[in-house]
Amino acid sequence: MTGNESLAPSDNPSGGSAGHSSVSGSNTGHQGVSPRKKIEVFSLLGVVLIAFGLPLIMTSPTYLHIVILIFFYAYLTTSWNMVGGFAGVLPLGHAVFVGIGAYTSTILSLQYGISPWLGMIVGGVIAMGTGVLIGLPTFKMRGAYFALATIAFAEGVRVMVENLNFLGPFNLNGPRGLQIPPVNFGFANFMFQGKEPYYYIILIMLIGVILLTWFISRSKLGYYLNAGGEEPEAAMALGVNVARAKLIAMAMSSFLTALAGTFYAQFSLFIHPKSIISLDLSFEIAFIALIGGRGSIAGPLLGALLLRPVSDFSRIYFGDVFPGLHLVIFGVVLILVMIYQPRGIQEPLTRVYNRLINRLTKEGQAKEAS
Amino acid sequence: MKILEVEKMVMRFGGLTAVDTLNLNIDQGEILGLIGPNGAGKSTAFNCIAGVHPPTEGTIKFNGENTNQQKPWDLCKKGLARTFQIVKPFASKSVLYNVTVGAFATTDKRADAEDKALAVLQTLNFEDKKELKSGSLTIADRKRLEIARALATEPKLLLLDEVMAGLRPGEVDEMVGIIQGLRDSGITIFVIEHIMRAIMALSDRIVVIQFGKKIAEGTPGEIASNENVIKAYLGEEYGTA
């Protein structure tokens, strides 16, 4: 008798209830979708509203400047992430695209009077061509070799620009760089007296590029990039032309990066090779991505939010005593993150966020039920 | 109708001849087994047929078309899928994500691809694990994932490279059942396997290679009693047993 009794309940959990629990689990998941989505949409709207309202509250130009640079770096890193994150390679020469964008639009506007808005697109297209030309031979390389090749190319371009006063008819002005005289303010000239218009321009650019990344990550291209980045041979056998997917990502990434170059030129009104085609800039983009979380959508934004203030404040407070301290801090943070959170700070934050939302939705459901 | 015709295929890597004037063909709807000792060139032959290496000499025809120079991704879209001996899951992604990558071979829409991936997972009794990270799967499930991804590309010919190695006997029987089910659904199957019990039960015909050369071809019964095969591969005990 006792044997039978012990058999009966032990049979049930192994067969029936395993299936049951999974079914009920997926059921609650489905019901949970709508309040969860609601919370997500509302919090997203809230963040966007705060972002748009920020200049009304934050009137100090210094702080606004810092926030603009945060968005600028978040934009650059999100663009970088299409190749460096999704495609699983490590490009370390993206400053070259920033430089192409900045120089193209600035030369076109200084020498030919063409609006920087138009120059921005021209710069983007030139950068896109350059990106594809870099990608064609280098995407066959693996790991560090690809990174080294991109560094070499970017440094080559920087040295070339530093040593050229004229490239054909275009005045590069060598190491002295180009200055944009602050006259003819207005939207058509992409030049403003206050910082607010720059703030809104980079904010809209940032939202645009994040939306694009989100869209790509859910598309065939995103799946193909991820697959090709993780296991190229398996991906090829499943119908993925890995090299082509990477080239498409590189083309988009370099185009978008160059747009930020034009923004930077118009924002600072002064560009020179050391500031804009420098390895420092290329590395900083990669740092932000690695710390924030490569290959995730929120990673670049989180990384920029964390690291840019560190960089700016260490420059403000220690700049005289300890120049370059921000790079040391970057290094320390990078080492700590790589040891404890190799997928970047987005992973623990996502976990906390999910737990929070789950608690909120559960409470919401409980309230609805009662 | 022959779905695959391989004629006098030679594959050399430098001075090493991995596959030597190999002839073989597969009928539509057939299960062909390929066996041989380690290093005989079985996986190399698969790689040539799947487009990873173009063969040094000879011709490969898939569906009557010469595919010597075609790339793996083009062949995949024409209906030739394969699994890897050493499994290669997209480890940081879920099972469903992995299979959806394969399903994108025939559609551009994510919703369609996911639906198809789910249908494939259902036919393999794999649906309950769709949310698991593929890197955390057991070896048996990883092998099953290899097949699921390949199936999601809607193949006409499926190359299976040792999908049963490392499985427990019960799991081998289940896999044999799955493969027979695939053939019944109209897919032609070319399978490399070391587990004799499985390959004898599955195959309509078996090709045996050694040092890249074909040494025997025939029904499982003929192969089991072939003296060359017993000497080269099966061993004396198998012949007497």
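Every read-out reported here was derived from the displayed coordinates using simple, explicitly stated rules and does not represent laboratory data. In this text the structure is predicted, and so the values were computed from the model without any measurement. Neighbour counts run over all protein chains shown; Cβ positions are idealised from the backbone, glycine included.
In this structure, the amide hydrogen of B:Val191, modeled 1.01 Å from its nitrogen in the peptide plane, lies closer than 5 angstrom to those of B:Leu32, B:Gly33, B:Leu34, B:Leu160, counting only residues at least 5 positions away or on a different chain. Label 7 Å along Cα→Cβ of B:Asn63; the stretch B:134-177 residues with amide nitrogen under 14 Å? Hits in the stretch B:134-177 for B:Asn63 at 14 Å: B:153-158. Sequence-ordered 3J(HN,Hα) estimates for the stretch A:43-55 from the Karplus curve with 6.51, -1.76 and 1.60 and θ = phi - 60° stand at 5, 5, 4, x, 4, 5, 4, 4, 4, 6, x, 3, x Hz, glycine and proline given as x.
Note on chain A: with a GNM built from Cα contacts shorter than 10 Å, the maximum mean-square fluctuation among A:Glu155, A:Glu284, A:Glu233 falls on A:Glu233. Approximating the spin labels as points 7 Å out from Cα along Cα→Cβ, the A:Glu347-to-B:Ser185 distance works out to 3.5 nm.
Taking 19 Å as the cut-off, the amide N atoms of the stretch A:88-107 that come nearer than this to a point 7 Å along the Cα-to-beta-carbon line of A:Val159 belong to A:92-97, A:99-100.
A simple spin-label model places pseudo-atoms 7 Å from Cα toward Cβ; at A:Leu334 and B:Asp173 they are separated by 5.7 nm.
What's the angle, to the nearest 10 degrees (0 to 90), between helix A:144-163's Cα axis and the longest principal axis of chain A? It works out to around 20 degrees.
Between amide H atoms placed 1.01 Å from N, distances below 5 Å from B:Arg82 occur with B:Leu159, all of them 5 or more places distant or on a separate chain.
Bridging of B:Lys109 to aspartates and glutamates at a Cα separation below 18 Å is possible for B:Glu154, once same-chain residues fewer than 8 apart are set aside. Per residue, chain A reaches -25500 deg cm²/dmol at 222 nm when only DSSP H runs of four or more residues are counted, each adding -39500 (n - 2.57). Sorted ascending by nearby beta carbons within 10 Å, beginning with the fewest, A:Thr78, B:Thr138 become B:Thr138, A:Thr78. Between the stretch B:162-234 and the stretch A:110-125, the C-alpha centres lie 66 angstrom from each other. Label-to-label distance, B:Glu222 versus A:Phe166, with points set 7 angstrom from Cα along the beta-carbon direction: 8.2 nm. Cα axis of helix A:325-340 to longest principal axis of chain A: angle in degrees, 0 to 90, nearest 10? Long axis of A:325-340 versus the principal axis of chain A: about 20 degrees. Couplings 3J(HN,Hα) for the stretch A:271-280, derived from phi with the Karplus relation 6.51 cos²θ - 1.76 cosθ + 1.60 (θ = phi - 60°), are 10, 8, x, 5, 8, 10, 10, 7, 4, 3 Hz, where x marks Gly and Pro. For B:Ile3, nonlocal amide neighbours, meaning residues 5 or more places apart or on other chains whose placed amide H falls under 5 Å from its own, are B:Ile26, B:Asp27, B:Gln28.
The fewest-to-most ranking of A:His326, B:His53, A:His94 by surrounding Cβ atoms within 10 Å reads B:His53, A:His326, A:His94.
Evaluating 6.51 cos²θ - 1.76 cosθ + 1.60 at θ = phi - 60° for every residue in the stretch A:289-299, the Karplus couplings come out as 5, 5, 6, x, x, 5, x, 9, 6, 7, x Hz, glycine and proline recorded as x.
Relative to the longest principal axis of the Cα atoms of chain B, helix B:110-123 runs at roughly 60 degrees.
Helical runs assigned H by DSSP (4 residues or longer) give chain B a calculated mean residue ellipticity at 222 nm of -10000 deg cm²/dmol, each run adding -39500 (n - 2.57) before division by the residue total. DSSP loop trypsin sites (Lys or Arg not before Pro) in the stretch A:105-207 with at most 16 other Cβ atoms within 10 Å of their Cβ, which ones? Answer by residue number: A:Lys140, A:Arg142.
Counting other Cβ atoms within 10 Å as a rough exposure proxy, the listed residues A:Ser253, A:Ser60 run A:Ser60, A:Ser253 from fewest neighbours to most. With a Förster radius of 35 Å applied to the beta-carbon distance between A:Ser43 and A:Glu233, the computed FRET efficiency rounds to 0.30.
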